[in-house]
Amino acid sequence: MRNTVKRWSMTAVAAAVLAGVWLPASASDVTVLTAARIHTMDTAQPRVQAMAFDDTGRILALGDAAELRSRYPQAAHLDAGDGTVIPGLIDAHGHVAGLGLAQMRAQLADTASKDEIVQRLREFARELPPGAWLLGRGWDQNDWPEQRFPTAADLDAAFPDRPVWLERIDGHAGWANSAAMEVVERDLTGDWQPDGGRIERDAQGQPTGVFIDSAAALIDSAMPAMDADTAERALELGMRSAVEHGLTGVHDAGVTLSQLRGYQALADRNEMPLRIYALAAGDGDALEWICENGLYAHDDGRLQMRALKLYVDGALGSRGAAMIQDYHDDAGNRGLLLTEPAALAGIVERAQGCGVQVATHAIGDRGNRVVLDAYAQAWPEGSTDHRWRIEHAQILAPQDLPRLAELNVIASMQPTHATSDMPWAEERVGPERIVGAYAWRQLRDSGARLALGSDFPVESVDPRLGLFAAATRTDAEGMPAGGWLPQEKLTAFEALRGFTLDAAYAGFAEDEVGSLEVGKRADFVLLAQDPLAISEQQLRDLTVLATYVDGDEVYRAPRD
Ligand SMILES: [Zn+2]
């Protein structure tokens, strides 16, 4: 937690930079950090041993340790010894409230069977008041022997009265028991289906308990509303866990106006441990809000909202991703567009008119094409600096791969999605289309910028896993040997760049963060090992010793 209130004025910064000098108010307000190595991610000066920053958290100088200590003789000394310092890691796509709420819900990831799920739920329910909804997340039928969607009946014996509502690992399907379905006012039986979603039904038209994509809203809306304290608590828990993993920034991919209020309250109290770049949830009134109020930045320097998050399709795991041709393993099914092309074009045109950055979730090759078409239409003259993004950009038709670079569209991708999906992704799309899937190398080589992230809590918030997945394309056991579609691997340096400078760029923040340079913020991570010297296989075992934001320690690993 920060112990001092830090503010800086844009004019002071600009004046100092213009004058070519950067002098602190008094020399004792300076800290000189020394380490075995500091990887700056600045090509002009990639590796130094020391960095000086002032008490507002702005970097004053980088260079030789002895030289900086003699230049700032009064400075406090922060000695990282043998450690390695890297710029603070930025997750370009995560869900902070979801991460916090996940810690407040039953954890169902990595369960080997439905029995194990019921077991975990029974334990979790002991702490709940009678009648309260039992919420959980993280189930994945692909992890179970039968590999089929579960049903309400699987939960009803253990929970005949308490509503149970369990989100699938990818967030694109939910599993309800009968008590939860009974609370829904609308009659769920029959053969009707909601737009952009599907109610799984049996032969008699009875819902079986699984609700895909927009259908999940039927159960969500039957749940009692979350109070503001719970919502704020979720943000706090999510941010706390982010800094514990070496993150100094998160692009929160879908923030409602009420969540923004929660962040604002935390920022007003100087309780934001890291920077949040909020992508406003596009299904609410956030676009109108930004259009009316302008791009938003809190004056603590840690909270911004100037982008809009849209969804064009669902996820590959639940076959909700929109494909140009049938799913390879499900003839006749091409997935779902959650937003029709004309509607998407209308929204992005409005966003373009208001100067709002657009970031659209697209998984399937059809979904990605629809988004590229809409972006191309919104920028007929082209623009090099709109920084519009595709979130996931998971499966692209080969002829669409170069379009991201041509249209200056940022590929906001999550390396761990590839390694989580690799056991079944090719089954879904077949051998031809897999060539354009999770195609980091092809995209990067085509000139597109890769902003990397995790999509937590769908995947772990831990960026070490993202670096490891990016550089190896294997699971934790190193399988498949040599990596899955190994031609798409990134180097450790390129992966690090995706989690630092290019993620910063995707949030219009590369002048402030993303690398360690004079005038930028002292956001950095102290590691026990050098990520650019160890083998790729060791990246998942890096030790985060401490995390600093604005030169303040926001996390330090407990000593053992
Ligand atoms: Zn997401």
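Say we look at segment 453-509 and pick out the residues that are in a helix (DSSP H, G or I) and of a type in the set (D, E, K, R); which of these is nearest to Leu101 (Cα to Cα)?
Filtering segment 453-509 for residues that are in a helix (DSSP H, G or I) and of a type in the set (D, E, K, R), the one nearest to Leu101 (Cα to Cα) comes out as Arg464.
Give me the pairs: first residue in segment 533-560 and closer than 29 Å to Val30 by Cα, second residue open to solvent by 70 Å² or more (accessible area, probe 1.4 Å), beta-carbon distance under 6 Å, and six or more apart or on different chains, which are they?
Listed pairs, sorted by first residue: Ala546/Glu553; Ala546/Arg556; Tyr555/Glu244.
What single numbered condition from (1) away from the ligand (no atom under 16 Å from the Cβ); (2) within 19 Å of Ala280 (Cβ to Cβ); (3) open to solvent by 40 Å² or more (accessible area, probe 1.4 Å) fails to hold for Gln259?
Here Gln259 meets the rest and fails (1).
Looking only at segment 510-533, how many residues end up being open to solvent by less than 20 Å² (accessible area, probe 1.4 Å) and among the small types (Gly, Ala, Ser)?
Number of matching residues: 4.
Out of (1) away from the ligand (no atom under 16 Å from the Cβ); (2) crowded, with 18+ Cβ neighbours inside 10 Å; (3) on the phi > 0 side of the Ramachandran plot, the odd one out for Tyr438 is which?
It is condition (1) that Tyr438 fails.
What single numbered condition from (1) away from the ligand (no atom under 16 Å from the Cβ); (2) in a helix (DSSP H, G or I) fails to hold for Ala102?
(1)
Suppose we filter Ala80, Ala106, Ala92, Ala75 for residues that are farther than 22 Å from Leu516 by Cα and either surrounded by fewer than 22 Cβ atoms within 10 Å (Cβ to Cβ) or not β-branched (Val, Ile, Thr) (or both); which single one remains?
Ala106
Results for (1) within 16 Å of the ligand (Cβ to nearest atom); (2) under 19 Å from Asp220 (Cα atoms); (3) open to solvent by 40 Å² or more (accessible area, probe 1.4 Å), shown as yes or no for each residue.
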site: Asp161; (1), (2), (3): no, yes, yes
site: Glu167; (1), (2), (3): yes, yes, yes
site: His172; (1), (2), (3): yes, yes, no
site: Ala176; (1), (2), (3): no, yes, no
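Just to verify a result, which residue in segment 315-362, among those that are of a type in the set (Asp, Glu) and closer than 30 Å to Glu292 by Cβ, is farthest from the ligand (Cβ to nearest atom)?
Step one: of segment 315-362, the residues of a type in the set (Asp, Glu) are 326, 329-330, 340, 349.
The next check asks that each one be closer than 30 Å to Glu292 by Cβ; those that pass are 340, 349.
On the way: Glu340: 21, Glu349: 24 Å.
So the residue we want is Glu349.
Open to solvent by 10 Å² or more (accessible area, probe 1.4 Å) and more than 30 Å from Val30 (Cα to Cα): does that describe Ser460?
Yes, satisfied.
Quick grid of which residues meet (1) among the aromatic types (Phe, Trp, Tyr); (2) on the phi < 0 side of the Ramachandran plot; (3) in contact (Cβ under 8 Å) with a residue 40 or more places away in the chain:
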residue: Asp154; (1), (2), (3): no, yes, yes
residue: Leu166; (1), (2), (3): no, yes, yes
residue: Ala173; (1), (2), (3): no, yes, yes
residue: Ala176; (1), (2), (3): no, yes, yes
residue: Glu182; (1), (2), (3): no, yes, no
residue: Gly190; (1), (2), (3): no, no, no
residue: Pro194; (1), (2), (3): no, yes, no
residue: Gln206; (1), (2), (3): no, yes, no
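Looking only at segment 109-150, which residues are assigned to a loop (DSSP other than H, G, I, E, B), farther than 27 Å from Leu316 by Cβ and open to solvent by less than 70 Å² (accessible area, probe 1.4 Å)?
Once the filter is applied, which keeps residues that are assigned to a loop (DSSP other than H, G, I, E, B), farther than 27 Å from Leu316 by Cβ and open to solvent by less than 70 Å² (accessible area, probe 1.4 Å), segment 109-150 yields Leu128, Gly131, Ala132, Trp133.
Modelled with pLDDT under 95 and within 19 Å of Phe456 (Cβ to Cβ): does that describe Glu232?
Values: modelled with pLDDT under 95: yes; within 19 Å of Phe456 (Cβ to Cβ): yes.
When the stated conditions are applied, Glu232 passes them.
Can you report the number of residues in segment 45-70 which are part of a loop (DSSP other than H, G, I, E, B) and either of a type in the set (Phe, Trp, Tyr) or touching a residue at least 12 places away in the same chain (Cβ under 8 Å) (or both)?
The qualifying residues number 6.
Within segment 453-461, can one find any residue that is among the acidic types (Asp, Glu) and within 16 Å of the ligand (Cβ to nearest atom)?
The answer is yes; a qualifying residue exists.
Could you list all residues from segment 522-545 that are in contact with a Phe, Trp or Tyr (Cβ under 6 Å, 6 or more places away or on another chain) and either aromatic (Phe, Trp, Tyr) or outside any loop (DSSP other than H, G, I, E, B) (or both)?
Phe524, Leu539, Arg540
For segment 213-236, give me the residue count where each residue is within 23 Å of the chain's Cα centre (by Cα) and not hydrophobic (A, V, I, L, M, F, W, C).
7
Residues to consider are Ala228, Ala153, Ala222, Ala180; find the one that is surrounded by 15 or more Cβ atoms within 10 Å (Cβ to Cβ), touching a Gly at 6+ places or on another chain (Cβ under 9 Å) and of a type in the set (A, V, I, L, M, F, W, C).
Ala180
Quick one: count up the residues across segment 369-407 that are more than 21 Å from the chain's Cα centre (by Cα), outside any helix (DSSP H, G or I) and in contact (Cβ under 8 Å) with a residue 24 or more places away in the chain.
6
The values are calculated or read from the model by the stated rules, or taken from the named source; none is laboratory data. Being a predicted model, the structure only gives us computed values, none of them experimental. Reconstructed Cβ throughout: ideal geometry from the backbone, glycine too, with neighbour counts over all protein chains shown. Just the protein is used for accessible areas: all its heavy atoms, side chains included, with ligands, DNA and RNA removed. Shrake-Rupley method; radii C 1.70, N 1.55, O 1.52, S 1.80 Å.
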